[in-house]
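Each remark here refers to the structure printed beneath this line.
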Amino acid sequence: MAGSSTKTVYDIFQSMDYDPAASSSTATAQAWLDHHSHSLGLFIDGKFVQPADRQVHSLVDSKGVVEVVVSDDCSLYSLVLKVLPALAMGNSVIVVPGQSTAPPALLLAQLFVGAGLPAGVLNVLTGRDISLGAKVAQNQSIRYVTYSGNKQDGVTLCKATAGMGVSVTVSPCIGATCPFIIFESADIDSAVDEVIEAAFKKRKEINWVLCVQESVVDSVVVRLQLRMAGMKCVELHSNADRVLVDATVQEAQQQGATLIQSCPAPPSDAQYPPTVLCRSAPSSPCVVSPSPGPLLPLMTFRSNTEGVTLGNHSPHGQAASIWTEDLTLALETAKSLSVGSVWVNSHSVSDPCLPISGHKDSGTCTDGGQEGLYQFLHPSSTSSSLPRSAPLSMDYIKFGTAASPAIIPDDSDPASAPKPYLQFVNGKTCKSESGCSLTVQPPGGSGVLAYCPDGGRKDVRNAVEAAIKVQPGWMKRSPSVRAQSLYSLAKGLEAKKQDIASSIHIQTGLSMVEAEKEVDLSTARLSDWAAYCDKVQGGTPPMPHSGSAFSLPEALGVVGIVLPDKNPLLSMVTLLGAAITTGNAVVMVPSQKYPLPALAFIQVLQSSDLPAGLVNVISGNRDQLTVALANHNVIKAIWYWGSAEGCQYLQYTCTVPLKMLCLFCQKDEEKDWTLSHPTHLEEMWRNAVQWKSVWIPSA
């Protein structure tokens, strides 16, 4: 169509006439490149622009401007999966592609304009590296940045944009390690055919690891040898890749692995034969950090449970392929694997109508389906989470390291001494590991109202250890059982109304009437969350492919919550309810200014039927505890109300592994916690879940 001189794309859409079918070739693309003299430049405001001074062009503002950044090795499908939903939700889009994805991105933009898209809605800026994405994000018009591609460039973008006040989400769709699990109940012939197709014949955007049940491993190996016979060597990108492949194979053999190769490896040159590394160890470099090239590690497992454990061995959580004729086993395994997509007796199937979230270290956003549209919307019920600003000059190593002042309580007169409070870890009240305390001042700011524990890194570690033990069991409880626990928590709060209201009164200076009103609102909020437990579930959208597929929301795991100052009780139960309703465990840090309502709420938690360790409350210096939460590998998400420095620190630090962040500057107190509109609760619910799609073919 690019070479047509009589009809535009818009004309064809208007008439809906069919042009004669053209044979597949590169001639059309070559003609398009020739027409532009192989110098595409930038695509801005509906036309190509040649950059004269390599400066970023300023663009007209619209209601919402979204920046889509993709790496050099990203597929066109991953780009479209970001661009189309952003446009559909009414945003203007700036695409910053990698070098190899720039030509298709520019062609896509030109085709969109030809189809009637207004000039300036879709723009493409090309550059040498990922740093251009950070430069574009400096523009105050950018409201949201989303990235797709390899993990390294995603981390670079997150660090470069830290402190700009713009939300950044990452979808590392390149280079993840994914399990291909063959159970003894599988159709072995079909499974072997498909693993060869996935590992050696398709574009290698992900690295497959073959996991085979012990009882059928010999049968699988024989079929692999038969199917691989005569396969040709695969071209590598460079001689340096060949060096890496040789080193990986040699080390795997030293650790006991045996080879299945389609043909002997040439002594040199940038090519290598398809190779299966049989009996690889889970700790082998070929499994943990795969090298480029046609290598397929093969590991074995005995029981079905061990197979799931082996499948979850990778730090990545992008996808998995499971092979079995037992539907019950297939569904149980699909739910137990911590990945975004599960293909049953199939692999590499995708459709934009299904939502996919990156589990573990494979992303911080949801793409596809109705759920994927929400990342491009700004809920009207909330204010902007972060104000746009220039990054602060700060030392990330020293953040949160300032020592707390030593406190020696005056207990000469026990009757008049300030009350000491305890924190809550693993279902028990306790002092901090350091044994130190912080003073809590009254509303006037003079004197000592109470003492609270000065928690630190060890307290966070203990809380997370307790939370990770209990969270899987809590997530597996039925929604109705979780609802009953939340109703019980609401009744417990109602029973302690006077004590909790008194803590709000003496801490914040509110009258008892206002304090009791906040307790009543908090009780109602917990009841709302209890009713919400079974109201939002996944679905089964119609598929263009044969077979069935469904999506389901899952808990994130352990969520760290640094609580706001405003409405210290109501904000706490609102965020707590959002987290545990969806099956998460939490580690909460009370407001450093107003910690007493959260610490008084511990007595409600003690009398509830929530499992020990599901909810943990650690008081202390906010910055120190923020650092402890950010550097704990198990914590999947952090919801933070604090300083601009804290927000920037989390954006810069929470990249290895990736954490989902909901950040609010403490000075931004526009959020109204009294709102109980369903959209307000739904927004928080969506921040507490990740989505999984499961594909089940019919033939």
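The numbers here are math on the coordinates, done by the rules we state, and not lab data. Not measured: the values here are computed from a predicted model. Cβ sites come from the backbone with ideal geometry, for glycine too, and all protein chains shown count toward neighbours.
Overview of results
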{"read-out": "Orientation-averaged projected area, Cα convex hull of the chain (nm²)", "value": "34.6 nm²"}
{"read-out": "Percent RCO, i.e. relative contact order, over region 585-699, from Cα pairs under 8 Å lying at least 6 residues apart", "value": "20 percent"}
{"read-out": "Cα gyration tensor of region 75-179 - equivalent ellipsoid semi-axes, whole Å, descending", "value": "22, 18, 13"}
{"read-out": "Linear extension gain, Glu465 paired with Val243, 0.36 nm per residue minus alpha-carbon span", "value": "75.8 nm"}
{"read-out": "Translational D in µm²/s for region 561-652 (Stokes-Einstein at 25 °C, 0.890 mPa s, Kirkwood Rh from C-alpha pairs)", "value": "181 µm²/s"}
{"read-out": "Pair Gln498, Val536: separation of 7 Å Cα→Cβ label points (nm)", "value": "3.8 nm"}
{"read-out": "Nitroxide proxy distance, nm - points 7 Å out along Cα→Cβ at Asn631 and Gln99", "value": "3.8 nm"}
{"read-out": "Under the Debye formula (equal points on every Cα, no solvent term), log10 I(q)/I(0) of region 177-361 at q = 0.10, 0.12, 0.16 Å⁻¹", "value": "-0.37, -0.53, -0.96"}
{"read-out": "Beta bridges by DSSP in the chain, antiparallel share as percent, to the nearest 5", "value": "35 percent"}
{"read-out": "DSSP-defined beta bridges in region 177-361 - what % are antiparallel, rounded to 5", "value": "30 percent"}
{"read-out": "Under the Karplus curve 6.51 cos²θ - 1.76 cosθ + 1.60, θ = phi - 60°, whole-Hz ³J(HN,Hα) for region 67-82, x wherever Gly or Pro sits", "value": "9, 10, 10, 10, 7, 5, 9, 7, 7, 5, 4, 5, 5, 5, 5, 8"}
{"read-out": "Cα-Cα pairs of region 218-323 separated by more than 23 Å (percent)", "value": "31 percent"}
{"read-out": "Helical mean residue ellipticity (222 nm; -39500 (n - 2.57) per DSSP H run of 4+; nearest 500) of the chain", "value": "-10500 deg cm²/dmol"}
{"read-out": "Percent RCO, i.e. relative contact order, over the chain, from Cα pairs under 8 Å lying at least 6 residues apart", "value": "12 percent"}
{"read-out": "Size of region 426-519 as Cα extents on the principal axes (Å, biggest first)", "value": "48, 36, 14"}
{"read-out": "Leading residue at positive end of dipole, region 476-600 (Cβ point charges), from Ser571, Ser546, Ala483", "value": "Ser546"}
{"read-out": "Estimated distance in nm for a label pair at Glu235 and Leu76, the labels positioned 7 Å out from Cα along Cα-to-Cβ", "value": "1.9 nm"}
{"read-out": "Amide H partners (placed H, <5 Å) of Thr177, local residues excluded", "value": "Asn207, His316"}
{"read-out": "Distance violations [Cα-Cα > 30 Å] among Lys593/Lys659; Lys431/Lys496; Lys204/Lys469; Lys419/Lys671", "value": "Lys204/Lys469; Lys419/Lys671"}
{"read-out": "Farthest positive-ward along the chain dipole, Cα basis, beta-carbon charges - from Ser362, Cys665, Phe601", "value": "Phe601"}
{"read-out": "Mean separation of Cα contacts under 8 Å (6+ apart) over length of region 177-361, as relative contact order %", "value": "27 percent"}
